[in-house]
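For reference, the structure is listed below as structure tokens.
The values are calculated or read from the model by the stated rules, or taken from the named source; none is laboratory data. Here the structure is a predicted model, which means the values were calculated and not measured. No Cβ is skipped: glycine too gets one built from the backbone with ideal geometry, and neighbour counts run over all protein chains shown.
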Amino acid sequence: MIEQKLSAEEEKELKEGQEIYEMTQTAGFKILTRWLEDMAFHSWVDPREIEGEHPEETWKWRELNAFHAANNAGELMERIQKAISQSEYYSKLKSGEIDRRAMRI
């Protein structure tokens, strides 16, 4: 295995991914992950709580906001995992475990 040099951008992404991975190993982040998963996969509006002059419009507005909150939480979790995966790839590339030359098409 021959070590390979990474570009400045690749080094930056490697470091950021490693830092994000370290963050994900903390107890506090595990709590935050549960919250994000709840937002992403268990968000809904209880129609029984809707009151007022225009309950259907109020429900639609709350449902739309719940959808966007769920979508944002899901995208954040995906972005965190992508940064970690990219960092793992760069680490293997840097160590020579993966040969960049063999990857070119």
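Residues considered: 11, 22, 97. Of these, the only one that is outside any helix (DSSP H, G or I) and either out of contact with any helix residue (DSSP H, G or I) (no Cβ under 6 Å at 6 or more places or on another chain) or at pLDDT 95 or above (or both) is 97. Listed by first and then second residue, the pairs with beta-carbon distance under 8 Å, at least 6 apart or on different chains, first residue in region 31-60 and in a helix (DSSP H, G or I) and modelled with pLDDT under 90, second exposed (fewer than 12 other Cβ atoms within 10 Å of the Cβ) and of a type in the set (Gly, Ala, Ser), are 58/52.
Restricting attention to region 4-30, the residues that are within 30 Å of residue 66 (Cα to Cα), aliphatic (A, V, I, L, M) and in contact (Cβ under 8 Å) with a residue 60 or more places away in the chain total 1. Of all the residues in region 31-40, those that are exposed (fewer than 12 other Cβ atoms within 10 Å of the Cβ) and either under 18 Å from residue 79 (Cβ atoms) or touching a Pro at 6+ places or on another chain (Cβ under 9 Å) (or both) number 2.
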